[in-house]
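J.: Structure below; questions to follow.
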Amino acid sequence: MDYIDYYKILDLKKNASTDDIKKAYRKLARKHHPDLNPNNEEANKKFQQINEANEVLSDPDKRKKYDKYGKDWQHADQLDAKEQQRRQYQSPSGGYDGGSSYSGGFGGEDFSDFFSSMFGGGGGRSSRNSPFKGQDYNADLQLNLVDAYTTHKQTLAVNGKQVRINIPAGVENGQKIKLAGYGAPGVNNGPPGDLYIKFNISDHPRFKRKGNDVYIQEEVDLYTAILGGEKIVETLNGKVKLKIPEGTQPDTTLRLKGKGFPIYKKEDQFGDLYVKWQVKLPTNLNAEQKELFEKLSKS
Amino acid sequence: MENNLISIEDVCVHHQIQINFIQSLEDFGLIHTTVIKKSIWLDSDELSKLEKYLRLSHDLDINLEGLHAVAHLLTQLNDMQEEILSLRNELNYFKQIN
């Protein structure tokens, strides 16, 4: 277990009074409390450290052991017994000389094993034995745009367990969903925590999503743009035949109502699909074609 | 226990709190209880809210008025986080097309 300087965490001097500790804890807890910093893992970690420091320093017995033994304070009773045993064989002046590296800085990022064993790995609760909900878990799930278009099931591993989840169509990039009861077991028979899954949806080379609307660009040749025609276009749910009116200008956008992205948790409701026509000009004209264009330009 | 409901008596015993605390939270509009056959129940979402207010009350010594203000600010924070997410995705769309 890493040594943690609890005084440094609470920004206290070694001779701080109980009242100073309480005040320092409250001040820092108000800033870093996880309930006041949703989705902020850094604050959550910091709060766990503050809580642990408070648990130890606010208890006179634990504080005494911590002050005496530093990182080994949890084994204070065993160390005291050993010390007593040693004194029986050595001179009375030979005091305890172990565990004195007290000034070492705080380096560990996680809360200590002590805290973990006491509170079941996380919530930062007080030492009273009341039941509390278990720690919430967070997981990221990578999807592509086509995956997010349909409701489907996926299995993901969370803390060594396989969790099968239903992903509703229309989830947004960065969106989080909660799976109640899939977090850590509760403390003192409290209910289990929840599992929060964040969806990371990768960009699609063809379909660009903006909210529930989808945007695509389609090429149309000059002749069809001028004379009109039809084109089969691929959408997220199949092919559609689109009419191209005579004289379609470059960058003209066509809206296909209800052909966009499914609206999250709203059955049979969809955004729109916008098709932008990109008029492709002919290249490598032969002499005859050039002549025809010249005639056209003069007409 | 009904489906996804827990009686407030059980909650009070588990958390060692007075029933008044739950009633006060409801009076402030911070949680909503369900009455079935003259018994009062909490669903799992409301239980989570109750436990959050309990933690804030216990850990930070925040009174009911303070909890009410915190709840209001957290709602605003949540709305803003959702708006940021939506704006980020919109910005990403414009980055892709340019």
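J.: Of all residues in the range A:227-254, which are in contact with a strand residue (DSSP E or B) (Cβ under 9 Å, 6 or more places away or on another chain), under 18 Å from A:D213 (Cα atoms) and loosely packed, with under 10 Cβ neighbours inside 10 Å?
T.: Matches in the range A:227-254: A:K239 only.
J.: Quick check on B:I40: is it crowded, with 18+ Cβ neighbours inside 10 Å, more than 8 Å from chain A (Cβ to nearest Cβ) and not in a helix (DSSP H, G or I)?
T.: It is false that B:I40 is crowded, with 18+ Cβ neighbours inside 10 Å, more than 8 Å from chain A (Cβ to nearest Cβ) and not in a helix (DSSP H, G or I).
J.: Does A:I216 satisfy being within 11 Å of another protein chain (Cβ to nearest Cβ), touching a helix residue (DSSP H, G or I) at 6+ places or on another chain (Cβ under 9 Å), assigned to a strand (DSSP E or B) and not aromatic (F, W, Y)? Walk me through it before giving the result.
T.: Working: within 11 Å of another protein chain (Cβ to nearest Cβ): yes; touching a helix residue (DSSP H, G or I) at 6+ places or on another chain (Cβ under 9 Å): no; assigned to a strand (DSSP E or B): yes; not aromatic (F, W, Y): yes.
Spelling it out, it is not the case that A:I216 is within 11 Å of another protein chain (Cβ to nearest Cβ), touching a helix residue (DSSP H, G or I) at 6+ places or on another chain (Cβ under 9 Å), assigned to a strand (DSSP E or B) and not aromatic (F, W, Y).
J.: Which of the residues spanning the range A:234-265 are within 36 Å of the chain's Cα centre (by Cα) and small (G, A, S)?
T.: Result: A:G238, A:G258, A:G260.
J.: Kindly provide the set of residues from the range B:28-37 that are within 17 Å of the chain's Cα centre (by Cα) and either surrounded by 12 or more Cβ atoms within 10 Å (Cβ to Cβ) or among the aliphatic types (A, V, I, L, M) (or both), ordered by number.
T.: B:F28, B:L30, B:I31, B:H32, B:T33, B:T34
J.: Given the options A:A180, A:A184, name the one that is at pLDDT below 90, within 39 Å of the chain's Cα centre (by Cα), within 18 Å of A:I167 (Cβ to Cβ) and of a type in the set (G, A, S). Step through it out loud before you land on a result.
T.: Details: A:A184 fails: within 18 Å of A:I167 (Cβ to Cβ).
The match here is A:A180.
J.: Those residues that are closer than 17 Å to B:Q18 by Cβ and more than 9 Å from chain A (Cβ to nearest Cβ), I need them from the range B:51-71; list them, please.
T.: If the condition is that a residue be closer than 17 Å to B:Q18 by Cβ and more than 9 Å from chain A (Cβ to nearest Cβ), then B:S57, B:N63, B:L64, B:L67 are the ones that fit.
The values are calculated or read from the model by the stated rules, or taken from the named source; none is laboratory data. The structure displayed is predicted, hence computed values, not measured ones. All Cβ positions, glycine included, derive from the backbone under ideal geometry; neighbour counts span all protein chains shown.
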